[in-house]
Amino acid sequence: METKHWYVVCYDITEPKRWRKVYKLINGYGTRLQYSIFRCRLTVRQMEKLRWQLEKLMDTEDKLLIMGLCEPCERRVASFNRPEAWVIEQNSFQII
């Protein structure tokens, strides 16, 4: 069994039709963190296949960034400014 690794995949695509095709492809590989940023847990073979498929869809003006993350680094990834990131404490202070 091949070992899986964490990757962050980011892309910048100017043409909406191409953007939708890339989005649909990568959405099957990982979890969307932002509009064009995904976190994926893949084997090296799966990552190479994804990269190959993305490069077939993308144009020379498009940008693709793939970053590998070690396990401890992945555990420190945090999303901010999202409703689920805000902890609301009831009665955390009192005005007198």
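The values are calculated or read from the model by the stated rules, or taken from the named source; none is laboratory data. Source: prediction; values computed, not measured. FYI the Cβ positions are ideal-geometry reconstructions off the backbone, even for glycines, and counts take in every protein chain you see.
So which residues in the stretch 14-63 are in a loop (DSSP other than H, G, I, E, B) and either under 14 Å from the mean Cα position of the chain (by Cα) or touching a residue at least 12 places away in the same chain (Cβ under 8 Å) (or both), if there are any at all? Break it down stepwise before answering.
Restricting attention to the stretch 14-63, the residues satisfying the condition of being in a loop (DSSP other than H, G, I, E, B) are 14-15, 28-29, 35-36, 43, 58-62.
Selection gives THR14, GLU15, GLY28, TYR29, TYR35, SER36, THR43, MET58, ASP59, GLU61, ASP62.
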Original post:
Only one of these conditions is not met by LEU69: (1) at pLDDT 95 or above; (2) crowded, with 16+ Cβ neighbours inside 10 Å. Which number is it?
Top reply: (1)
Original post:
What number goes with the only condition from (1) loosely packed, with under 12 Cβ neighbours inside 10 Å; (2) modelled with pLDDT of 95 or more that LEU50 does not pass?
Top reply: (1)
Original post:
Could we say that ARG76 is charged (D, E, K, R) and modelled with pLDDT under 85 here?
Top reply: yes
**OP:** Would you please name the residue that is farthest from PRO72 (Cα to Cα), looking only at residues in the stretch 6-40 that are in contact with a Lys or Arg (Cβ under 7 Å, 6 or more places away or on another chain) and surrounded by 15 or more Cβ atoms within 10 Å (Cβ to Cβ)?
**Re:** TYR11
